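Colleague: Structure incoming, see below.
Quick note: the coordinates plus some simple rules give every number you see, no bench work behind them. Note that the coordinates shown come from a computational prediction; the quantities given were computed from them, not determined experimentally.
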Amino acid sequence: MLPKDSHGCPYLQLAPMEGVGDRCFRKAMASVGGFDEAVKDFLRVPRNAHVPSLAVEYVADELAPIPLAAQLMGSDPDLMGEMAQEIERRGAPRIDLNCGCPSNTVTGRGAGSSLLKEPDFLHRVAKAIVRAVSIPVTLKMRSGYEDTALFKENLLAAQESGVRYITLHPRTKVDGYGPPARWDLIAEAKSILKIPLVGNGDILSVADALKMLSTTGCDALMIGRGAVINPFLFHQIRAHFSKTSYVPAWDDLVRFFVIYMEEIHPQTTTRVRVNKLKQLMSFLFKGNPGLLSMRQTILTSSLGTPEAFLQFALPILKAHWV
C-alpha cells in the first residue's frame, strides 16, 4: 500500500494545506516532481451539502501522472459516504478523512479535529466512508483535541473502521502549529497500530526526514510546509537513498514560480495575484539565509502585475539563492 522505491526511499506525499497549498501550488510542485502522491486541500461537506456541486472541485487528473487523493471534512456520516461515492465516480484513487484541521470555524461545526473528542463517532464517520466506496480510504489526524488523553482510543477507532492507513500530525488542536511536533507520539502510534502509519510534521530538510524515519519507524512521509520552503526537498530525499547528488537548477525554480503564476485563477484580481506570489516567495527566505537581507526589498515592492513582480524579484533571488 505504501511501497518504497527501488533504492529503499519511503513513499513520499505532498500534504494538503489550506491556503498556500492550493491548485496553483500543486501544479507548480508537479512541475518539479519528486513525490509519489499529492492530497487535495479538504472539501467541506456541511450538513446541508449538495454533493454533486461540491464534488466538482475535485479533478482526478489535475496533476497527471501524479495521483491526487481527495480529502473530505465533515461530521455527517451519511453525507460523507455520499460525497465519497461521488468523488470515486470522478476518478479519485483514494479518499482521506480529515481529523486534523484546527480551525475554530471547522471544529465549531463538529468537523476536523473535533472528531478526536469522540473516538466512537470518529469510527462511525470513517466506517461510513469505508463502506461507501471501493477505493482505499485513509485518515489524517492530530494527536488529540485539548490533550492526548484519547490518543490511543482514536488510533484504534480509526484502525477498526477499516481505513488502509493513518497519517499522524503529532500536535493537538489546541497546539495549532506552534510547539514542535511530538515525533515520540508517531513512534508510540507505530507500536499500537497494525496498519501503516505516515509521519507528518516539521520535516524541513533531508536530515529531518531521516531522523523521523529512524526515530519513529513510520512507513512513509508526508511533507507540507517543508516543500513550500524548499520545493526540491522530495528530490533531495530520494537522492540520499539512491546515493546520488541532487543540485536544484535555477531554471527549475523559475519554472516553479512561472507555473504558479499562470495557474492562479484568471478572475483573481491583479493585486491578489501579486500578493499570492509574494506569499509563496516569502517561504524561500525561511530556508535560505542568504535571502533574508533582501526580504523587505522583495515583499514591499509595489509593482502592479505578476509578470512585472517576477521580472523584478527573480534577479534578486538568483543573486542570493543557494
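Colleague: Could you tell me how many degrees, from 0 to 90 and to the nearest 10, lie between the Cα long axis of helix 119-132 and the main elongation axis, the longest principal axis, of the Cα atoms of the chain?
Modeller: Tilt relative to the chain: about 80 degrees.
Colleague: To continue, here is another question. Using 0.36 nm times the number of residues separating Ser103 and Asn48, minus their current alpha carbon distance, what extension gain do you get?
Modeller: Result: 17.8 nm gained on full extension.
Colleague: Out of Thr167, Thr107, Thr138, any idea which swings most in a Gaussian network model of the chain, alpha carbons joined below 10 Å?
Modeller: For the chain, modelled as a Gaussian network with Cα springs under 10 Å, the answer is Thr107.
Colleague: Just to be sure I understand: with springs between alpha-carbon atoms less than 10 Å apart, which residue in Met281, Met29, Met222 has the highest mean-square fluctuation in the Gaussian network model of the chain?
Modeller: Met281
Colleague: Let me ask another. Full extension from Val59 to Ser302: what is 0.36 nm times the residue separation minus their Cα-Cα distance, to one decimal in nm?
Modeller: Gain on extension, Val59 to Ser302, equals 84.0 nm.
Colleague: Pairs Lys40/Lys286; Lys173/Lys243; Lys40/Lys278: which exceed 27 Å Cα-Cα? Kindly include the intermediate steps, with their values, before the conclusion.
Modeller: Details: Lys40/Lys286 24 Å; Lys173/Lys243 38 Å; Lys40/Lys278 22 Å.
From the list (Lys40/Lys286; Lys173/Lys243; Lys40/Lys278), the Cα-Cα distance tops 27 Å for Lys173/Lys243.
Colleague: Separate question: Considering only DSSP beta bridges with both partners in the stretch 11-242, what is the antiparallel share in %, to the nearest 5?
Modeller: DSSP beta bridges in the stretch 11-242 are roughly 5 percent antiparallel.
Colleague: If you take the Cα atoms of the stretch 216-281, find Rg, then find the Kirkwood Rh from the mean of 1/r over all pairs, what is Rg/Rh?
Modeller: On the way: Rg = 15.4 Å, Rh = 14.1 Å.
Over the Cα atoms of the stretch 216-281, Rg/Rh equals 1.09.
Colleague: With axes computed from alpha carbons, what is the tilt in degrees of helix 206-216 against the longest principal axis of the chain, rounded to the nearest 10 within 0 to 90?
Modeller: 20
Colleague: Can you give the extra length, in nm with one decimal, that the chain gains between Leu292 and Val247 once fully stretched, where that is 0.36 nm per residue apart less the Cα-Cα distance?
Modeller: Result: 14.1 nm gained on full extension.
Colleague: What angle do you read, to the nearest 10 degrees and between 0 and 90, between the alpha-carbon axis of helix 77-89 and the longest principal axis of the chain?
Modeller: For helix 77-89, the angle is close to 50 degrees.
Colleague: P(r) of the stretch 55-173 in 10 Å steps, Cα pairs, percent per bin?
Modeller: Cα pair-distance distribution for the stretch 55-173, in percent: 15, 48, 30, 6, 0.
Colleague: Would you calculate a helix-derived [θ] at 222 nm for the chain, using -39,500 (n - 2.57) for each DSSP H run of n ≥ 4 and dividing by the full residue count, to the nearest 500?
Modeller: -13500 deg cm²/dmol
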